[in-house]
Amino acid sequence: MGTPTTLVVHAAGCVLWRRSPVTGDIELCLVHRPKYDDWSWPKGKLKRGEDPLAAALREVAEETGHTAVPSAELPTVRYLAKGRPKQVRYWAAEALSGTFTPTSEVDRILWLPPDRARAHLTEPRDAALVPALLATLHEIRDTPVSST
């Protein structure tokens, strides 16, 4: 029998990407959370009644300072957090304008090529979203993507 949905922590986030201002290649944004000393995708818990995509875009803005244009939904990541099941829905999102300002929640961001981003993520479960994003970019935008 499954876990009742009331016990599941619902969160949402984005795999935020841009074209490198220098090379034009795809770069992915990772956020560093000093509380956990980890590198992850921008994400956060849904507010009561909040739409998951709206929450994902809100979290991107709060954590990275960037506005983003979402495209396809990526695989949902499920895991236990503090003994409770957590479900994080992710979307591919292209970064538009914005400027990062460090906060107590996120003190650094990195823009890395896909392979370096995948290797830099703290949790292996987050790494599976890199090939999913690249496949989505290739399909939806017919964007020539390099994994390096």
Exercise. Given the structure, is Gly49 modelled with pLDDT of 95 or more, surrounded by fewer than 16 Cβ atoms within 10 Å (Cβ to Cβ), in a loop (DSSP other than H, G, I, E, B) and of a type outside the set (Val, Ile, Thr)?
Worked result: yes
For this session: Confirm whether Glu73 is at pLDDT 95 or above and not in a strand (DSSP E or B).
Result: no
Exercise. Hey, Gly44 hits all of (1) without any contact (Cβ under 8 Å) to a residue 12 or more places away in the chain; (2) small (Gly, Ala, Ser); (3) surrounded by 13 or more Cβ atoms within 10 Å (Cβ to Cβ) but one; which does it fall short on?
Worked result: (1)
For this session: Confirm whether Tyr90 is of a type in the set (Phe, Trp, Tyr) and surrounded by fewer than 22 Cβ atoms within 10 Å (Cβ to Cβ).
Result: no
Exercise. Do we find a residue being under 16 Å from the mean Cα position of the chain (by Cα), basic (Lys, Arg) and farther than 21 Å from Arg118 by Cα anywhere in the stretch 14-32?
Worked result: no
For this session: All but one of (1) surrounded by fewer than 17 Cβ atoms within 10 Å (Cβ to Cβ); (2) under 18 Å from Leu133 (Cβ atoms); (3) in contact (Cβ under 8 Å) with a residue 40 or more places away in the chain; (4) of a type outside the set (A, V, I, L, M, F, W, C) hold for Lys35, so report the exception by its number.
Result: (2)
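The values are calculated or read from the model by the stated rules, or taken from the named source; none is laboratory data. Computed from a predicted structure; not experimentally measured. When we count neighbours, we look across all protein chains shown, and the Cβ atoms used for this are built from the backbone with ideal geometry, even at glycine.
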